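Notes follow once the structure below has been shown.
Please treat every number below as a calculation from the coordinates, not as lab data. Quantities reported herein were computed from a predicted structural model and do not represent experimental measurements. We place every Cβ from the backbone using ideal geometry, glycine too, and count neighbours over all the protein chains shown.
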Amino acid sequence: MADKAQKKELRAIKKFNAARYREYNKTMKRKKVPESKYLTRMKNPDNIIEFDDLRTYFYTNVGTVKAVDGVTFDIPKGKTIGVVGESGCGKSVTSLSVMRLLQGPQGQIAGGQIRFNQQSTGRALDLTKAGIKEMEKIRGNEISMIFQEPMTTLNPVFTIGDQLCECISLHNPEMGKKAVEERALETLKMVGIVREGILKNYPHELSGGMRQRVVIAMALSCDPQLIIADEPTTALDVTIQAQILDLLRDLKDKINASIMLITHDLGVVAEMADYVVVMYAGRIVEQGTADEIFHHPAHPYTIGLMKSRPMLNTRVDRLYSIPGNVPNPINLPEHCYFKNRCESCVEACNGKYPELVSLTKTHKVSCYLHQNKQETGGEA
Amino acid sequence: MKQYIIKRLLISILVLFGVSILLYSIAQMVPGDYVTNITSGNPNITAEMVEQMREAYGLDTGPVEGYFNWLSKAIRGDFGTSFVYQRPVTEIILDYMPPTLALAGIAMVLELLIAIPLGILAARKQYSVTDYTIVAIAIMGISLPTFFFAAVLKRIFAVGLGILPISGMVDARMDYEGFALFLDLARHFVLPIAVFVITGVGSYLRYVRTNMLEVLNADYVRTARAKGLPERKVIGKHAFRNTLIPIVTLVGGMIPGLFSGAVITEGLFAIEGLGNIALNAVYAGDIPYLMGFNMFIAALTLLGTLVSDILYAVVDPRVRY
């Protein structure tokens, strides 16, 4: 009997998904969308990106995975935002949503807005609704991305020069072949590669650090306004890591871009970020300036993260780790997702998911421990 | 590179020796040799005559001596005289090669021309109606028995509609020349090629589709999209160059197939090609022809792998010899 019910449920999911896929194929794959459909207004003209209640779902055969479920935060111009969280908490999906690079039709943006302040035209675009053609103009040009795995992000069968020049000439069609090549060499110099004949090298002829530099050069080649760095240093060893981070920081100032830095390495965030967003199971649990998050963490999850990083000059027998695992992303509970792993649960935690409350102007947290502190404005 | 090729060729010679021993023992082990086949059931033939004939055909020596006799001549390029045709084996192979080459060659080019674009299309639209349709047709093609499908096609196009000849290579009642002869040949080749392509294209298509799916999920394809490249270029340039790498192996493996031909298809359509003759040689126990033909195919197989290994280096910069 139970088997039958299960089968029925699976069939219902399939039917539901098929409807989503159809809708996706009809609307999201459209090449051109009338401008009125995606033009919006920025809440604050000093922001480069505003996420507004972004929901990105994956419609899988066993149910809907709410990878990103109602995420709201801003990226101001010229600042670095660190997005932190465990694996599978929706950091990367958030960034892929901006670029509209989700693996469709399973993964789709189900709701919310991503408002992009396009400097070149002075318009504000809702990236969740823009047509493919519009996105192609933005990708790699105004918003560029640095991926996690330098070993696999470059195409093995084309030369570095080919892949780098391709990006430059695509977004600057007026440039001649010579100019494009010069520009490519210039960006490579910017990331610290001055090797003779580098443009004729294939990716496999370079080391991991070099490749990541090439990937960064590719991201910078068109002077983007926003660089999304999805764990740019995870695959690299520590010395290279420091170099790459220094590089990113220098470059950010040089071309005055914003950076959305996605990482699970708190050390990297502390070093780089102006603002920090902490995500857990597809939602933001806490956000604030780097100082607030690191020195006055409010959410038990953030506190746990802070405790679980190794510290110099302190002796511990064993590194702290947050007990338990990230909950199954299908059929998430009604209550706070962190409840089962939390050490400071209160009565209210059994209720519905806590609202985001502001502790200060910039510091927000979604936890019942702080629910009544809002009025008093007290600090955690 | 040059050194690598020379090394490979030397190894190939060793392999060919092994292959020849294996082939000769199998050919000898087949029950009923050529003499038994042509004499059995004939009451006028005495045991003495059989002995004499065995001696004449060189079948009286036993497998080991027979093999070395064959080998000593083969090394000098003499593959002996076919029992059935009473002509040198090399001459027969050269004579019957053109129809086989035409049939298999055209069919294979068509197969690649169909399999690659459709495989890519199916992969791009995975789980869509297009994908399911293409894959379903491919599987239908793979599972169609050649002889049955050939019969159906003959029934429809030759008997029913009467627009194509039923079998053979030229119209026996006419005496065409020049372009008219070519047209007549072409008409006779339509059905065999159709059978060849439809039953064979499916496996290549599925191979291309699987590879393309793998490549489409690769990080560098995502990078290409993140650069802002239009989808046409992402697929046509970045993804396609990478699917070419496994496809090259396929092409190398196709080379021997060009000459061995489709034994069954040729037989069904009475096309006088190498495949058809090889089949008859097996029935008759024609050891010299079988040895010559099989060694030829073995050499081509080795050549095919060598060619695909060299092509690897051409399409994949990571491979260097």
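Assorted remarks:
- Size of chain B as Cα extents on the principal axes (Å, biggest first): 85, 57, 37
- Helix-only [θ]222 nm of chain A, DSSP H runs n ≥ 4, -39500 (n - 2.57) each, per residue, nearest 500: -10000 deg cm²/dmol
- For the peptide A:144-155, the mean number of other protein chain Cβ atoms found within 10 angstrom of a residue's Cβ is 4.
- Cβ crowding within 10 Å averaged over residues, with B:216-229, A:38-51, A:102-115 ranked highest first: B:216-229, A:102-115, A:38-51
- Other residues with beta-carbon under 14 Å from the beta-carbon of A:GLY324 carry, at +1 per Lys or Arg and -1 per Asp or Glu, a net charge of 0.
- Counting neighbouring Cβ atoms within 10 Å and putting the fewest first, the residues A:HIS299, A:HIS370 line up as A:HIS370, A:HIS299.
- Computed FRET value (nearest 0.05) for B:SER203 with B:VAL314, which takes r as the C-beta separation and R₀ as 35 Å: 0.90
- Translational diffusion coefficient (Stokes-Einstein; Kirkwood radius from C-alpha pairs) of the stretch B:1-93 at 4 °C, 1.567 mPa s, in µm²/s: 83
- Taking 1.306 mPa s as the viscosity and 10 °C as the temperature, the Stokes-Einstein diffusion coefficient of the protein assembly as shown based on its alpha-carbon Kirkwood radius rounds to 51 µm²/s.
- In plain terms, the residue of A:ARG183, B:ARG87 with the fewest other Cβ atoms within 10 Å comes first and the most crowded comes last, giving B:ARG87, A:ARG183.
- Cβ-derived FRET efficiency at R0 60 Å, A:ASN172 paired with B:VAL190, nearest 0.05: 0.70
- Vicinal HN-Hα couplings computed from phi for the stretch A:334-343 (Karplus, 6.51 cos²θ - 1.76 cosθ + 1.60; Hz; Gly/Pro x): 6, 7, 3, 5, 8, 3, 5, 9, 7, 9
- Förster radius 22 Å - calculated FRET efficiency between A:ARG20 and B:ARG232 (Cβ-Cβ, nearest 0.05): 0.25
- Relative to the compact-globule estimate of 2.2 N^0.38 Å, the Cα radius of gyration of chain A comes out at 1.05.
- Listed peptides B:117-125, A:345-353, A:317-325 by packing density, highest first (mean Cβ within 10 Å): B:117-125, A:345-353, A:317-325
- The stretch A:251-330: C-alpha gyration tensor shape, a/c 1.5 cut-off, then a/b vs b/c: oblate
- Simple rule: put +1 on each Lys or Arg Cβ and -1 on each Asp or Glu Cβ in the stretch B:90-270, find the dipole, and look at B:MET212, B:GLY160, B:MET140; the Cα lying farthest toward the positive end is B:MET212.
- Cα pair distances exceeding 17 angstrom across the stretch A:312-355, given as percent: 47
- Computed over the stretch A:47-195, the ratio Rg/Rh where both radii use C-alpha atoms and Rh is Kirkwood: 1.00
- Kirkwood hydrodynamic radius computed over the stretch B:90-270 comes to 18.4 Å, based on all pairs of distinct alpha carbons.
- Here the translational diffusion coefficient of the stretch A:165-280 follows from Stokes-Einstein with Rh set to the Kirkwood radius across Cα pairs; for 20 °C and 1.002 mPa s it amounts to 141 µm²/s.
- Across A:LYS177/B:LYS233; A:LYS91/A:LYS129; A:LYS77/B:LYS125, pairs whose alpha-carbon gap is larger than 28 Å: A:LYS77/B:LYS125
- Sorting the segments B:286-293, B:137-144, A:173-180, B:9-16 by their mean number of nearby beta carbons within 10 angstrom, highest to lowest, gives B:286-293, B:137-144, B:9-16, A:173-180.
- Think of it as helices only: each DSSP H run of n ≥ 4 in chain B is worth -39500 (n - 2.57), and spread over all residues that comes to -24500 deg cm²/dmol at 222 nm.
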